[in-house]
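Let me begin by presenting the structure, written as structure tokens, before commenting on it.
The values are calculated or read from the model by the stated rules, or taken from the named source; none is laboratory data. Note that the coordinates shown come from a computational prediction; the quantities given were computed from them, not determined experimentally. Glycine also receives a Cβ, built like all others from the backbone with ideal geometry; neighbour counts cover every protein chain displayed. In case anyone asks, the SASA skips ligands and DNA or RNA and just uses the protein heavy atoms, side chains included. Shrake-Rupley method; radii C 1.70, N 1.55, O 1.52, S 1.80 Å.
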Amino acid sequence: MLQPEEPWTTGLFGCCSDIGTCCFGSWCLPCLYGKNASKLRSTSCSGPGCCYACCPCFICIFAGNLRQEMRSKYSLSSEPCADCCVHLCCSPCAVCQEAREIKHRGLTPAGAYTFSDPQLTVPMRQNMG
């Protein structure tokens, strides 16, 4: 059974809703794309980031695939058009929108330290003598 599609938490051109993400995307868009991919796929950010930086002719294909994975995972609607087309027409806006959605959902990169890590414990007091 298909889940009903939800709207994105921010629009494609909603950069003003998160200035930090907008600035990060403006200064290093491949880094932001890599960070998005690492959070969604639990992989390193360097590979996707390098692909984004070095293969501009294919951005709409692999970035569109990541966006489609994200939409599928969270039942997001395909707005304003198909994923490949969104990245073909305005990839910087799409990457920033995806980052805002990831941030809204509270995802962290694979292997990242979080304060709620259940394995982190304080050692017991030791007696020396």
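Can you spot a residue in the stretch 80-97 that is open to solvent by less than 40 Å² (accessible area, probe 1.4 Å) and at positive phi?
Residues of the stretch 80-97 that are open to solvent by less than 40 Å² (accessible area, probe 1.4 Å), as a first pass: 83, 86-87, 90-91, 93-97.
Checking which are at positive phi leaves us with none.
No, the stretch 80-97 contains no residue that is open to solvent by less than 40 Å² (accessible area, probe 1.4 Å) and at positive phi.
Taking each residue of the stretch 38-61 that is at positive phi and looking for partners that are open to solvent by 40 Å² or more (accessible area, probe 1.4 Å) and among the polar types (S, T, N, Q) with beta-carbon atoms closer than 7 Å, six or more apart or interchain, yields nothing. When restricted to residues that are out of contact with any Cys (no Cβ under 9 Å at 6 or more places or on another chain), closer than 18 Å to residue 86 by Cβ and of a type in the set (Phe, Trp, Tyr), the stretch 1-32 contains 1. Scanning the stretch 60-79 for residues that are surrounded by fewer than 13 Cβ atoms within 10 Å (Cβ to Cβ) and not in a helix (DSSP H, G or I) gives 75, 77.
Filter the stretch 1-59 down to residues that are of a type in the set (A, V, I, L, M) and outside any helix (DSSP H, G or I) and give me whichever is nearest to residue 104 (Cα to Cα). Walk me through how you get there before you give the answer.
So in the stretch 1-59, the residues of a type in the set (A, V, I, L, M) come out as 1-2, 12, 19, 29, 32, 37, 40, 53, 59.
Of the ones still in play, those that are also outside any helix (DSSP H, G or I) are 1-2, 12.
Details: 1: 26, 2: 23, 12: 15 Å.
Residue satisfying both the conditions and the ranking: 12.
Going by what's in this entry, would residue 35 be described as closer than 17 Å to residue 87 by Cβ and of a type in the set (D, E, K, R)? Here the answer is yes, as residue 35 does meet what is asked. Screening the stretch 34-57 for residues that are open to solvent by 60 Å² or more (accessible area, probe 1.4 Å) and charged (D, E, K, R) and picking the one that is nearest to residue 74 (Cα to Cα) gives 41.
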